[in-house]
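Participant: Once you've had a glance at the structure underneath, I'll fire off some questions.
Nothing in this text is a laboratory measurement; each read-out follows from the coordinates by a stated rule. Not measured: the values here are computed from a predicted model. Neighbour counts are summed over all protein chains in view; Cβ atoms, including those assigned to glycine, are modelled from backbone coordinates with ideal geometry.
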Amino acid sequence: MAIYEDPEGHEPAAFAAAKLSFAGCRVLEIGAGDGRLTRQYARDAVSVMAIDPDAAAIARLAAELTTVDARAMTVAELVLPASSVDVALFAWSL
């Protein structure tokens, strides 16, 4: 059985309504998928690393958002230097 994340499309609206600022932030997005949320903040962030184990979804994100460091990987594979990100964003990733 397929699982459809946010089939009603409420997640992007809720994200926008929160009025979060990513200006000047180094962001790590875990479970970025095809970038449905990444599109909403990437232009404001200093840098974005987006990871997801779905290689096809990450490829779509990378093709559209060329400034994003998009990687097909799991969080268990992720190794980052201490203090290298300001914000870690999880959406539908637990």
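Participant: What FRET efficiency do you get for residue 90 and residue 8 if R0 is 22 Å and r is their Cβ-Cβ distance, rounded to the nearest 0.05?
Facilitator: 0.65
Participant: Would you kindly state the longest site-free stretch of the chain, with sites defined as GluC sites (Glu not before Pro) in a DSSP loop (not H, G, I, E, B) surrounded by at most 15 other Cβ atoms within 10 Å?
Facilitator: Maximal segment without exposed cleavage sites: 9-94.
Participant: Now a separate question. With θ set to phi - 60° and the Karplus curve 6.51 cos²θ - 1.76 cosθ + 1.60, what are the ³J(HN,Hα) couplings of the range 42-49 in order, to the nearest whole Hz, using x for Gly and Pro?
Facilitator: My calculation for the range 42-49 gives 4, 5, 8, 6, 5, 8, 9, 10 Hz in order.
Participant: On to the next question. Taking Cα extents along the principal axes in Å straight from the coordinates, which label in (1) 59, 40, 23; (2) 38, 31, 25; (3) 43, 28, 24 is the correct one?
Facilitator: Computed from these coordinates, Cα extents along the principal axes in Å corresponds to label (2).
Participant: Let me have the 222 nm mean residue ellipticity of the chain computed from DSSP H runs of 4+ only, each contributing -39500 (n - 2.57), with the sum over all residues rounded to the nearest 500.
Facilitator: Rounded to the nearest 500, the figure is -6000 deg cm²/dmol.
Participant: How far is it, in nm, from the label point at residue 55 to the one at residue 43 when both lie 7 Å from their Cα along the line to the Cβ?
Facilitator: Between residue 55 and residue 43, the label points sit 3.2 nm apart.
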